[in-house]
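The values are calculated or read from the model by the stated rules, or taken from the named source; none is laboratory data. Values in this document were obtained by computation on a predicted structure and should not be read as measured data. Here Cβ is always computed from backbone atoms with ideal geometry, including for glycine, and neighbour counts include all displayed protein chains. Quick note on the areas: whole protein, heavy atoms, side chains included, nothing else; ligands and nucleic acids left out. Shrake-Rupley method; radii C 1.70, N 1.55, O 1.52, S 1.80 Å.
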Amino acid sequence: MTYFAGEYDVAVIGAGHAGIEAALASARLGCRTAIFTINMDAVGNCPCNPSIGGTAKGHLVRELDALGGEMGKTADECFLQSRMLNRGKGPAVHSLRAQIDRRRYSEVMKHKLELQENLELRQAEITDIIKQDGGYLITTQMLAQYFCRAVIIATGTFLGGKIYVGEVSYESGPDGMFPATKLAISLKKLGLPLRRFKTGTPARILRRSIDFTDLEVQKGDVPPQPFSYETESLGDNKVDCHISWTNDRTKQVILENIHRSPLYAGRIEGVGPRYCPSFEDKVMRFADKPRHQLFIEPCGENTEEMYMQGMSSSLPEEIQLKFYRTIKGLEKCVIMRPAYAIEYDCVDPTAMSATLEFKTLEGLYGAGQFNGSSGYEEAAAQGFVAGVNAALKVLGREPFVLTRANSYIGTLIDDLVTKGANEPYRMMTSRSEYRLVLRQDNADERLTPIGHELGLISEERYHKFLKKQELKKQEIKRLKATTISPSDDLNKMLVSRETSEITTGVRLIDLIKRPQLNYECLSPFDPTRPELEANIFEQVEIEIKYEGYIQKQLKQVEQMKKLEKKLLPTNFDYKTLSGLRLEAQEKLNNIKPLNIGQASRISGVSPADVSVLLIWLAANRGQTDGNA
Amino acid sequence: MTDNRTIAAISTAQGEGGIGVIRISGDEAIETADRVFKNINGRRLSDMSGYTAAFGKIISGGEELDEAVALVFRAPHSYTGENVVELSCHGGVYITQQVLRTVLEAGAVPAQAGEFTKRAFLNGKLDLTEAEAVIDIISAKSKAAAGAAMSVKEGALRRRITGIKDDLLTLASHLSAWADYPEEDIAEVSEEMILEVCRKAGSDLENLLSTYDSGQAVKQGIDTVIAGKPNVGKSTLMNLLSGYEKSIVTDIPGTTRDIVEDTIVAGDVILRLSDTAGLRSTDDAVEKIGVDRAKKRLEQCSLLLAVFDNSSVLEEYDFELLKAAENVPAIAVINKTDLPNKLDVEKIKSYIDNIIYISAATGEGKDELIRAVSVIAGTDRLNPSEGILSNERQRLNALTALNSVKEAAEATEAGLTFDAVTVTLEEAISALLEMTGESASEEIIDRVFHNFCVGK
């Protein structure tokens, strides 16, 4: 017997990285919000790597923080070791990654949810969602029913989850949690286009069974940088990571047992990501590669579990032990948790608009792995956008859409809803065409005003931000106004850095512009330099050095904006536009792009098809108003 | 959806060949044709099925204008995808235009330039590159141009671009994998690797771009001026080249007052000819205008055919002409070789390298002249089957790619970080992919996963 248990403005199904950001954003915007989790001990769980950030993902965390999200702060609170990746490869690809204490992360996040005003955290499996007037009626396994004006689905790998380890397979969520088995049927009834994806995770190995003697050590940065613009200092790195390599014998074990892989035996139907291949996949696809790298990462301060980054597998447990033990340092390793592959239900994200609301189901949103992405950071970013939009809808405010021009988050969502995902989608710097503008160092400049406007950035923080922007402006002014005279010491330094000497006075800004020079080496020659936070110097230096490129990208942004101003009708049948190729007709009818810019990014819509759309728009100018 | 008014136009090049075709396209095309065409067997075109022909007469105001063959195409099985009638009449500029006028009076509207192709494109009959190629074929007036346009259609250009694009894509995907997977053991990208790829792509693109001007010479024609002192035989030369009389040829100096435009096919090259008035001082006001215009034209042309009289000595006008010839690509054409030589050819040689002897009266030397023209136009080296840039859009794309590749090399040499280099390389790739209709970012990502073993 069901019973009516109450009403919420916004309900979030799932309390992983997407659900958490969604619920916090919604509650903070003033909506009565509920967040449901199958298991109270799984809130903010990291069932895969014990780290946050990484290439492009670090951008997402910084952007989320700049908007008022929680992931960056919590990662800082739980940090074990932090590294800025890609130093030396250029500011566009600098990415922060932190090893974190995964149990602590989960605990801190859970506590934040518990303390959040307007938010109720509940343990319950949602089994049914029914559309009702003005919202949705959701039912829990315990037969409680809640009426919610908006619902966000953030089910991760729980939805229809099925674990594979060799010949063994069983229905399960991640990390031995119960799966959500009934909800998928209800979602199909609502008409959501569901499909199966798969992902995997490596084994956790007992620390004292590993011989670290001959392994390469990987230390954190000194000093480590935080994710959050609000975190002042992280203190010292607490742990080291280690690197080992596979060898011929590892390969041999894989080759001898590949027939026992559920993927190769054809038992898994879900589509796996190319960028997160199982180890057996790497061996099979890159047969001529003699060895593969393996990172050994601690899962926390109060645990002996070690994560084997690079070695996920769905081979039988006994084979896993066999191949792990071929690796240097792991000869006597003890597996605490075996590696596994997990298959789950997710949705075709092209069914959603850029607010992450389903186009045909008003008030229903999706976020995270459910949307076909992969990764904690991708999930959190979408959770935030879905949560904000659900709340804005309830509050009757204008929707919130981030763009490719202002963020990686906007790029991620545009990719998902425009191009769709044929495999779990991971963020990469190469996915952003404007990456010299969208850097991790300037996320606050790009997004904090937006977060403030939404109401998710406190006045205090916003004032701090404005002050920082002012200081930055003054510093650039100072560099333009300050002239340095030639001196022996200066010229000696210039020559040692393989750049030309100066014979007359030169403006500081022109010296910093030289690729060979930077703030640091100019410090002895710059007596008027003010004390500023490191991030200001960083931003100023990048903006000066890359000015030409940044200007060019800004111009490209303008061009794209022009295309995005050419609006397309959302209720038009592209089949009637016979100049389009068949594939383009189908894709356009499916996606219903809002404008020419979005249409041009749909895979399967060629430049020629875009020309047809442009000609058609021009030919129908003034006539389409009625049906547009 | 589209403008479906019935349109009509002369669809054969004007002034060429014996048959003129008037094409009518649109919902009412067949009915419109019925109003002007009288079938010899009495059957109406409206009663005929697609892909059929009828012989009959074009009637205008009750009078018979010309004999014609009408070809009926029914939608969607026609060039434009609409109902189409093609009326082939006996031609002659005047008659063809009269027939068109009659068709327009019967209800069609004049087609805009390229409108048939645009409709074909909008009705899914052609893709954009094909449409562009067809427009080129239509405007191509000589063999080489038609060959170049055909080879674009068949993908010669695409193959050539793919060749250039491939190395750039491989490099960009390497750079992407290197940046996005810093912890995988991906080989370092060296400055030399980047410079090498940029150099090669740059020189390939420069070669491709250098075909554009020759390609334009083939397709659009070369702005050519024939100049020389009065009565040296300019008009006769022009008529020799063009094959029929256009200018008025008399023995009275100053007969040719206006710049007569004509288009002739000389071998593989189209010459847009101006037969200019002689360069002589005159008090005749009308003639003076002609002389001034001729002078101006002379300074701006792409090819000067300077005509000299073998049977007379160099005069003031000839020296003026020789001086002008120093500033433009020129061929000295020495006419009247059938008469005794009085001309100081050595003097001419000191101004103009190319010397051709002809007799405009007998036609002698014509082939040599045509060969010299194609050398100057660069078309002798042009092999259309290699794929050439044939329109401005393609040229701009290639130019963008070239500039980006150069910029990437400069950034690398200046010691800028590879993220800036990568972004610039991607611009080059985008420009090239735009020509072939693919999307850059996805190509690079696909290649990352194809070529590199990456992932946790």
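Of note:
For every residue, the table says whether it meets (1) within 14 Å of chain B (Cβ to nearest Cβ); (2) in a helix (DSSP H, G or I); (3) open to solvent by 10 Å² or more (accessible area, probe 1.4 Å); (4) in contact with a helix residue (DSSP H, G or I) (Cβ under 8 Å, 6 or more places away or on another chain).
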{"residue": "A:60", "(1), (2), (3), (4)": "yes, yes, no, yes"}
{"residue": "A:63", "(1), (2), (3), (4)": "no, yes, no, yes"}
{"residue": "A:69", "(1), (2), (3), (4)": "no, no, no, yes"}
{"residue": "A:81", "(1), (2), (3), (4)": "yes, no, no, no"}
{"residue": "A:87", "(1), (2), (3), (4)": "yes, no, yes, no"}
{"residue": "A:92", "(1), (2), (3), (4)": "yes, yes, no, yes"}
{"residue": "A:97", "(1), (2), (3), (4)": "yes, no, yes, yes"}
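- Enumeration of residues in region B:408-420 that are more than 8 Å from chain A (Cβ to nearest Cβ) and either within 17 Å of residue A:433 (Cα to Cα) or crowded, with 22+ Cβ neighbours inside 10 Å (or both): B:408, B:409, B:411, B:412
- Counting the residues of region B:186-206 that are part of a loop (DSSP other than H, G, I, E, B) and surrounded by fewer than 15 Cβ atoms within 10 Å (Cβ to Cβ) gives 3.
- Residues in region A:33-65 that are out of contact with any Gly (no Cβ under 9 Å at 6 or more places or on another chain) and more than 30 Å from residue A:406 (Cα to Cα): 2 in all.
- Of all residues in region A:411-464, those satisfying the criterion of being of a type in the set (A, V, I, L, M), under 28 Å from residue A:117 (Cα atoms) and part of a loop (DSSP other than H, G, I, E, B) are A:456, A:457.
- Residue tally, condition under 12 Å from residue A:416 (Cα atoms) and either of a type in the set (A, V, I, L, M) or open to solvent by 10 Å² or more (accessible area, probe 1.4 Å) (or both), over region A:351-378: 9
- Count of region B:71-102 residues which are aliphatic (A, V, I, L, M), under 30 Å from the mean Cα position of the chain (by Cα) and within 24 Å of residue B:5 (Cα to Cα): 6
- Among residues of region A:120-142 that are small (Gly, Ala, Ser), those with a Cβ under 8 angstrom from a residue that is assigned to a loop (DSSP other than H, G, I, E, B), sequence gap 6+ or separate chain, pair up as A:124/A:38; A:124/A:141; A:124/A:142.
- Flag if residue A:26 is of a type in the set (S, T, N, Q) and within 14 Å of another protein chain (Cβ to nearest Cβ): no
- Subset tally (residues that are part of a loop (DSSP other than H, G, I, E, B), more than 9 Å from chain B (Cβ to nearest Cβ) and either surrounded by fewer than 16 Cβ atoms within 10 Å (Cβ to Cβ) or at pLDDT below 90 (or both)) for region A:570-601: 3
- Candidate set: region B:39-58, residues that are touching a residue at least 24 places away in the same chain (Cβ under 8 Å) and in a strand (DSSP E or B); chosen: the one least open to solvent (accessible area, probe 1.4 Å): B:58
- If you check A:297, A:280, A:305 for being touching a Cys at 6+ places or on another chain (Cβ under 6 Å), open to solvent by less than 40 Å² (accessible area, probe 1.4 Å) and farther than 14 Å from residue A:338 by Cα, only one passes: A:297.
- Test result for residue B:342, open to solvent by 10 Å² or more (accessible area, probe 1.4 Å) and not in a loop (DSSP other than H, G, I, E, B): no
- Residue identified as within 14 Å of chain B (Cβ to nearest Cβ) and acidic (Asp, Glu) among A:317, A:280, A:232: A:280
- Restricting attention to region B:308-339, the residues that are part of a helix (DSSP H, G or I), hydrophobic (A, V, I, L, M, F, W, C) and surrounded by 16 or more Cβ atoms within 10 Å (Cβ to Cβ) total 4.
- Scanning region A:105-134 for residues that are basic (Lys, Arg) and surrounded by fewer than 18 Cβ atoms within 10 Å (Cβ to Cβ) yields a count of 2.
Every residue, every condition in (1) under 24 Å from residue B:430 (Cβ atoms); (2) at pLDDT 85 or above; (3) assigned to a helix (DSSP H, G or I), yes or no:
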site	(1), (2), (3)
B:149	no, no, yes
B:152	yes, no, yes
B:160	yes, no, yes
B:165	yes, yes, yes
B:174	yes, yes, yes
B:217	no, no, yes
B:227	no, no, no
